[in-house]
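Student: Right, I'll just put the structure down here and ask away after.
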């Protein structure tokens, strides 16, 4: 609107001025007076009949221009006023002012008290009691908080990669050192959504020791005193993770939405698709996470011990037990054949039924067990049970009695507890110790097992995902993840669901349960 007033006003002024000039030329008057503001006012008064209307029209145009300019001026936004920042605030100086706290007796006493204790400290005046340490992309971070942005954190720009730490490494920094790595101190002020960060280039004291602990873990010891006015410090021992996995009660939190979680689940799943020792290297090449759909995809590259190179793809979905591989989604291709020129190696052929594949443990030492109850030393471990026919069943040993043992095996997203008679067990492979326990008196035991073969269900020979097939036609108890229990006759079972027939009055009702909802299934007494 304001712009249109200015345009209209200028147009009116131009047309009125041209009209005045033409009238002045027609009457023989001076035209120059009408080009100067107010210069021809007397001439207009003396010849009002000739110039009056055109003069008023030019005044109207000038008024429109002034009104339009005034409206444009009022519509301009006001200059921003200084206030609190709306995003992350980053501050720092090239030279840090020395702090008396760094070299004080108080800081030395805090370091002495925290030596050998779990990592703790104070960050920007707030206690750091439940820290989580990580070394990712060369940055050692100690943070606290459950949100995406930590409430408190201290990050040291080490430049060390987790892959390069194959031995113990030490770093000592004094306040006077000028080539010290930068340290970022971050905190979230009360009522703010974003943290503030201060960078220290020097002026702090640091003693750091890091050593490899496990594949994705490092063991460390830290003493850090910062020269800020809140007397921030860290001291103690810690375990640093080299990925973004979250842990709960010592186990990986499968509900945490991060590509590293999907990569971990895919890696654990692929390990079960090959016999023990068949995989030389397994690298997760690409992870795609679709958070809104609660789905994901993982691509992995596998190099087997016989030289075969494969690429595998699989889909993952989030369920009641966390992220898991979608049944039937595993597919792949062979990039390089085995060194002997074969097509598909035995490991690849066994991927469809890994629990029936022969375990390559011929090089393991064999220890004879005279009493079946001596197997109790392996309770709680992951073992492979070998029966008299040479078939293998992998699971966790739950309990051992004088005449039987109980084994927990994977079943879809749940598990099944199997009861195996002693007469049918020939040996146990202990994966953690790399040792095979052989049961003595195998010949009599084999004869006794043959006599009872028609009485015992051959559950120990069932591969993963087909344990239910061995129970078809039997009366079973199905326990769900929700805690519900149902008892009936198992009518059918496949890779996705089971069918349970439950008697009701003179007839019966069939129930269908997805394997992802089943916690365990066992034969009813």
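Student: If you go through the range 170-181, how many residues are in a loop (DSSP other than H, G, I, E, B) and either surrounded by fewer than 11 Cβ atoms within 10 Å (Cβ to Cβ) or touching a residue at least 60 places away in the same chain (Cβ under 8 Å) (or both)?
Tutor: 4
Student: A further question follows. Taking residue 321 and the conditions (1) more than 21 Å from the chain's Cα centre (by Cα); (2) at pLDDT below 85, which numbered condition does it fall short on, given that it satisfies the others?
Tutor: The number of the failed condition is (1).
Listed here are the residues, each with its yes/no results for (1) crowded, with 17+ Cβ neighbours inside 10 Å; (2) over 30 Å from residue 267 (Cβ atoms).
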{"position": "129", "(1), (2)": "no, yes"}
{"position": "149", "(1), (2)": "no, no"}
{"position": "156", "(1), (2)": "yes, no"}
{"position": "159", "(1), (2)": "no, no"}
{"position": "168", "(1), (2)": "no, no"}
{"position": "186", "(1), (2)": "yes, yes"}
{"position": "191", "(1), (2)": "no, yes"}
{"position": "200", "(1), (2)": "yes, yes"}
{"position": "230", "(1), (2)": "no, yes"}
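Student: Let me ask another. For the range 96-150, give me each residue that is part of a loop (DSSP other than H, G, I, E, B) and under 21 Å from residue 202 (Cα atoms).
Tutor: Hits for the range 96-150 are 96, 97, 98, 99, 100, 101, 102, 103, 104, 124, 125, 138.
Student: Got at least one residue in the range 284-293 being more than 14 Å from the chain's Cα centre (by Cα), at pLDDT below 90 and assigned to a helix (DSSP H, G or I)?
Tutor: No - not one qualifying residue is present in the range 284-293.
Student: Being in contact with a helix residue (DSSP H, G or I) (Cβ under 7 Å, 6 or more places away or on another chain) and either within 22 Å of residue 140 (Cα to Cα) or surrounded by 13 or more Cβ atoms within 10 Å (Cβ to Cβ) (or both) narrows it down to one of 270, 262, 282, so name that one.
Tutor: 282
Student: Identify all residues within the range 285-305 that are closer than 11 Å to residue 262 by Cα and crowded, with 16+ Cβ neighbours inside 10 Å; write none if there are none.
Tutor: Those that are closer than 11 Å to residue 262 by Cα and crowded, with 16+ Cβ neighbours inside 10 Å: 287, 289, 295, 296, 297, 298, 299.
Student: I would also like to ask the following. Which of the residues belonging to the range 306-326 are assigned to a loop (DSSP other than H, G, I, E, B), surrounded by fewer than 19 Cβ atoms within 10 Å (Cβ to Cβ) and in contact (Cβ under 8 Å) with a residue 40 or more places away in the chain?
Tutor: 306, 320, 321
Student: Would you confirm, using the coordinates I've provided, whether residue 238 is farther than 16 Å from residue 331 by Cβ and either touching a residue at least 40 places away in the same chain (Cβ under 8 Å) or buried (at least 16 other Cβ atoms within 10 Å of the Cβ) (or both)?
Tutor: Answer is yes for this residue.
Student: Against the condition closer than 16 Å to residue 336 by Cβ, at pLDDT 85 or above and outside any strand (DSSP E or B), how does residue 263 come out, does it pass?
Tutor: no
Student: Suppose the filter is within 19 Å of the chain's Cα centre (by Cα), over 18 Å from residue 146 (Cβ atoms) and assigned by TED's automatic domain parsing to the domain that holds residue 172; does residue 215 pass it?
Tutor: Against the criterion (within 19 Å of the chain's Cα centre (by Cα), over 18 Å from residue 146 (Cβ atoms) and assigned by TED's automatic domain parsing to the domain that holds residue 172), residue 215 qualifies.
Student: Kindly evaluate residue 383 against the criterion of being at pLDDT 80 or above, farther than 30 Å from residue 293 by Cα, surrounded by fewer than 17 Cβ atoms within 10 Å (Cβ to Cβ) and in contact with a strand residue (DSSP E or B) (Cβ under 6 Å, 6 or more places away or on another chain).
Tutor: Taking the combined requirement at face value, the residue does not satisfy it.
The values are calculated or read from the model by the stated rules, or taken from the named source; none is laboratory data. Note that the structure is predicted; figures quoted are calculated from it, not measured. Cβ atoms come from the backbone with ideal geometry, glycine included; neighbour counts cover every protein chain shown.
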